[in-house]
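See structure below.
The values are calculated or read from the model by the stated rules, or taken from the named source; none is laboratory data. Fair warning: this is a prediction, and the values are worked out from it, not measured in the lab. Glycine gets a Cβ as well: all are built from the backbone with ideal geometry, and neighbour counts include every protein chain shown. Ligands, DNA and RNA are stripped out before the accessible areas are found, and what is left, the full protein with its side chains, is counted by its heavy atoms. Shrake-Rupley method; radii C 1.70, N 1.55, O 1.52, S 1.80 Å.
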Amino acid sequence: MTPVILLAAEKESAEVTDWAARIGWVVGLGLFVALVYWLMREGWKWRGTLQGDLPELPGAPDDPGAARLVLSGRYHGSTTAGQWLDRIVAHGLGTRSRVELTLTEAGLDVVRPGAADFFVPVAALREARLDKGIAGKVLTEGGLLVVTWAHGDKLIDSGFRSDHAAEHNEWVETLNDMINKTETEGAR
């Protein structure tokens, strides 16, 4: 025999793909992903149920006054004050979204397209600071504007990131000045 014929005789055909096993694995993986997603969704709803004692969020007054500062950016969520991983999901506070913040003499107006808007009266404001993270969002040091406010009997930290991070320092100074002024007037 010639060498070419010997080489052809020694070659084996490729294995045939077992489509039934492959389809079974794909369907099984799809069901597993769906189960994990469903469990995460149920956990989110359960957390909202546990936080059901949180009162309804206040709406903006009819005449809040002239805007002192305006910020456009992202709302990253709210947590229990001092516990940056304890996300609050009740009343939509856990929903990340775009945000338009407006600071007036009456308080802080938080307008979120696609999510529930809310208003923080100036008497409820406690502190403003720069931080690096809040409930699942970690940024560079000072990359997040965190506003602490009282709602019912709970202190809440809400995290915002401006489209222009240079605005954060002005917001912290102005908010803390307003808070100090309100506390001073309240002590009289």
**OP:** Give the residue that is most open to solvent (accessible area, probe 1.4 Å), with candidates limited to residues of the stretch 1-40 that are part of a helix (DSSP H, G or I) and modelled with pLDDT under 85.
**Re:** Glu10
Subject >> First in the stretch 135-152 and under 19 Å from Glu167 (Cα atoms) and among the charged types (D, E, K, R), second anywhere and open to solvent by 10 Å² or more (accessible area, probe 1.4 Å) and at pLDDT 90 or above, Cβ under 9 Å, 6 or more apart >> reply: Glu141/Leu130
Subject >> Conditions (1) of a type outside the set (Gly, Ala, Ser); (2) assigned to a strand (DSSP E or B); (3) open to solvent by 40 Å² or more (accessible area, probe 1.4 Å); number of the one not met by Leu69 >> reply: (3)
Original post:
Could you count how many residues in the stretch 12-58 are of a type in the set (Asp, Glu) and within 32 Å of the chain's Cα centre (by Cα)?
Top reply: 3
**OP:** Can you work out which of the residues in the stretch 123-143 that are modelled with pLDDT under 90 and touching an Asp or Glu at 6+ places or on another chain (Cβ under 9 Å) is surrounded by the fewest Cβ atoms within 10 Å (Cβ to Cβ)?
**Re:** Glu141
Subject >> Condition check for Glu183: more than 20 Å from the chain's Cα centre (by Cα), farther than 17 Å from Val70 by Cβ and open to solvent by 40 Å² or more (accessible area, probe 1.4 Å) >> reply: yes
Original post:
Do any residues in the stretch 157-170 that are farther than 22 Å from Gln83 by Cα have Cβ atoms under 6 Å from those of residues that are surrounded by fewer than 18 Cβ atoms within 10 Å (Cβ to Cβ) and of a type outside the set (Phe, Trp, Tyr), where the two are at least six apart or on different chains, and which pairs are they?
Top reply: Asp163/Ser72
Original post:
Of all residues in the stretch 51-66, how many are open to solvent by 60 Å² or more (accessible area, probe 1.4 Å) and either closer than 20 Å to Ala128 by Cα or among the hydrophobic types (A, V, I, L, M, F, W, C) (or both)?
Top reply: 1
Subject >> Candidate set from the stretch 164-176 (those that are modelled with pLDDT of 90 or more and surrounded by fewer than 19 Cβ atoms within 10 Å (Cβ to Cβ)); member that is farthest from Gly133 (Cα to Cα) >> reply: Thr174
**OP:** Any chance you could count how many residues in the stretch 78-121 are in a loop (DSSP other than H, G, I, E, B) and open to solvent by less than 10 Å² (accessible area, probe 1.4 Å)?
**Re:** 3
